[in-house]
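Please read the structure below before turning to the comments.
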Amino acid sequence: MKKYLIRRILILIPILIGVSMIIFALIEAMPGDPYSDMIDPTVPPDLIEERLEAMGYFDPLPVRYVRWLGRTLRFDFGYSTNYGAPVSVIMLNRLPNTLILGGFALLFSTIVAIPLGIISSTRQYSVVDYIVTVFAFIGLSIPAFFFGLLMIRYLAFELGWFPIAGTGAGAGYEGVRMLLHRAHHLVLPVVVLSLLSLASLMRYTRSSMLEVIKQDYIRTARSKGIKEKVIIYRHALKNALIPVVTVLTMMLPSLVSGAVLTETVFSWPGMGTLMIDAIDNDDYPLLMGITMMLAIIIVFANLLADILYAWIDPRIKYD
Amino acid sequence: MKKNEVEGLSPWKIAKRRFVKNKLAVLGLILLGVITLGAVFGPMLTPYEAHEQQMMMRNQGPQGDNLLGFDSTGRDILTRVLHGGRVSLAVGIVATSVATIIGVVLGSIAGFYGGIRDGVIMRLVDIVMSFPFFIIAAVASAAFGPTVFNTMLIIGLINWTLIARVVRAEILSLKEQEFVEASRALGLDNLEIIRIHLIPNVMAPIIVYSTLTIASAILIEAGLSFIGLGVSPPTPTWGNMLEAARSLTTIQNYWWQWIPPGLMIFFTVLSINFVGDGLRDALDPKLKE
């Protein structure tokens with residue numbers, strides 16, 4: 001187990017280097033220099049040139065990459081050209097909002113999807129199964145941001161059930177009222193962001209359960225006269241959930257991507273809207289910081305998935 | 001009396017029979033056909049051009065024989081939805097072709113040769129899979145410019161990993177079988193074995209996953225164009241027509257400007273998913289009894 005862990009962690013190094021190289025090259029390929037938007041046009045071009053020279057803007061790409069990597073390893077992501085503040089500070093300001101949104105979305109989709117998946121597998125081809133399947137197809141097919149826009153149009157504008165945008169922070173409430181107020185703002189974004197993961201998790205749980213129910217040990221349990229409930233929830237579910245755990249962590253990249261669109265639709269001040277800001281303002285240090293941060297989160301989530309998988313399923317060989 | 005003749009069924013014929021029995025898949029295929037026909041021929045039938053602006057009709061709703069009203073610059077929505085279908089479908093199909101070619105080539109090299117080539121390719125797969133793909137696509141599109149061609153290429157370049165993994169896994173088990181040994185004994189070289197004997201055997205999963213990739217490519221295009229980083233206007237796509245809905249006024253007052261393109265994306269992706277699912281059940285005899 002220890003050997004497996006060490007090897008698995010060592011693999012992360014080339015992956016992270018590869019990811020960062022590609023992101024770095026892409027951002028360097030973007031047009032404009034960091035000053036092109038912020039400097040007064042009356043400043044003589046020589047001076048700009050000189051400043052850019054001084055910050056190493058004209059060095060060859062590999063040199064700049066190594067320099068960037070060195071700084072990043074010390075958690076120094078540089079200064080945002082747009083906000084005039086350290087990138088790390090800006091990101092730490094926004095990160096909690098995205099974590100709240102993503103965390104609740106993950107929680108919500110798990111709580112809803114796994115029971116629905118179980119029910120639909122234990123009653124394969126029943127009406128319930130049919131409804132759940134069609135619902136899953138709809139969830140997989142509707143663009144989440146379009147679904148969000150529909151929610152805003154009908155539930156927020158028309159019926160007035162939910163606020164239209166924002167996190168609800170800074171409304172001046174305190175204590176429980178503040179929590180309720182913020183929870184109220186959270187409902188629509190969480191539902192919208194959960195939609196895709198909810199649908200795919202439901203499908204995975206269903207097919208994984210169907211697979212397990214066919215196995216011999218379930219038949220043995222049935223022939224011993226064990227109650228169906230015990231068979232399903234004690235014997236089958238444990239094994240069926242093993243692949244579901246991996247799927248759960250594998251959904252993280254799409255959750256992160258979905259967060260960008262969901263945050264845009266609901267004007268949610270998180271990492272996603274921050275990233276779009278950074279693109280619009282040619283704020284390269286900030287953009288670089290955000291993409292790297294998200295990539296690191298995903299890579300470590302994958303690591304966590306592999307470790308969990310190996311820990312839950314003793315059949316996995318470690319070498 | 002005539003003897004009962006048993007007709008031989010090829011695997012493809014069996015698959016076709018199974019597919020036709022699947023109601024949702026057939027429904028999806030019909031819907032997809034209608035949408036494609038509408039996108040190809042529809043724009044020729046409407047009385048407007050996609051870029052034609054009627055200043056008097058700005059933000060006017062549906063009226064009389066005009067089914068879907070006009071956008072904020074007085075362009076006919078129905079014409080643009082039909083026209084946008086051409087672009088959105090083309091992006092989906094071309095991006096998927098790019099992804100499939102890369103996936104099949106790299107997947108079969110990794111699976112067949114193994115060793116260092118497998119190691120390098122699989123690390124590359126790991127790298128691409130740990131990308132926040134939507135964010136990379138957004139950055140790439142900001143870097144290279146939001147054109148139709150770039151959007152196709154970018155979506156293709158980040159969507160090949162699933163196909164590569166499936167092809168690799170299939171070839172890994174296929175190459176141990178006797179018929180590969182036999183063809184080697186007959187003097188075929190590696191490339192011929194891969195091309196003539198292995199890839200045709202992997203065709204079923206390739207078809208299934210390519211179909212599903214089209215669906216995800218259309219969704220990614222829509223998302224990118226929605227935030228202004230996919231195909232840029234005035235070329236209409238379903239995604240960039242939805243960009244109008246980034247304004248709350250439009251969401252609240254002008255439903256005809258953003259709900260039709262959104263529904264088109266939904267129905268297209270839904271029918272592709274139905275077809276893909278039907279294909280999976282039809283082509284994989286192991287899955288269903």
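The values are calculated or read from the model by the stated rules, or taken from the named source; none is laboratory data. As the structure is a computational prediction, the values presented were derived from the model and not from experiment. Don't worry about glycine lacking a Cβ; one is built from the backbone with ideal geometry, like all the others, and counts go over all protein chains shown. Ligands, DNA and RNA are stripped out before the accessible areas are found, and what is left, the full protein with its side chains, is counted by its heavy atoms. Shrake-Rupley method; radii C 1.70, N 1.55, O 1.52, S 1.80 Å.
Which value, in Å³ per residue, describes the convex hull spanned by the Cα atoms of chain B?
192
If Lys and Arg each add +1 and Asp and Glu each add -1, what is the summed charge of the other residues whose beta carbon sits under 15 Å from the beta carbon of A:G168?
Within the 15 Å Cβ shell, the charges total 0.
Say the cut-off is 31 Å between C-alpha atoms; which of A:K3/A:K238; A:K214/B:K16; A:K238/B:K16; A:K2/B:K175 go over it?
Where the Cα-Cα span goes over 31 Å, the pairs concerned are A:K238/B:K16; A:K2/B:K175.
At the nearest 100 Å², what buried accessible area, both sides summed, do you get for B and A when the probe is 1.4 Å?
3900
Let me know the charge dipole size of chain A about its Cα centre in debye, to the nearest 20, where only the beta-carbon of Lys, Arg (+1) and Asp, Glu (-1) is charged.
Charge dipole of chain A: 2680 debye, to the nearest 20.
Considering only C-alpha atoms, what is the centroid distance from the range A:233-311 to the range A:72-86, in Å?
With the range A:233-311 and the range A:72-86 each reduced to a Cα centre, they are spaced 22 Å.
Under the rule that an exposed site lies in a DSSP loop and has at most 14 other Cβ atoms within 10 Å, name the longest stretch of chain A with no chymotrypsin sites (Phe, Trp or Tyr not before Pro) of that kind, not counting the sites themselves.
A:174-317
Translational diffusion coefficient, Stokes-Einstein: compute it for the protein assembly as shown using the Kirkwood radius over C-alpha pairs as Rh, at 20 °C and 1.002 mPa s, and state it as an integer in µm² s⁻¹.
Value of D from the Cα-based Kirkwood radius: 80 µm²/s.
D for chain A, whole µm²/s, Stokes-Einstein with Kirkwood Rh over alpha-carbon pairs at 20 °C and 1.002 mPa s: what number?
Here the translational diffusion coefficient equals 94 µm²/s.
Enumerate the amide H contacts of A:Y79 below 5 Å, restricted to partners 5 or more residues apart or on another chain; note that Pro and chain-start residues carry no placed amide H.
HN-HN under 5 Å from A:Y79: A:V87.
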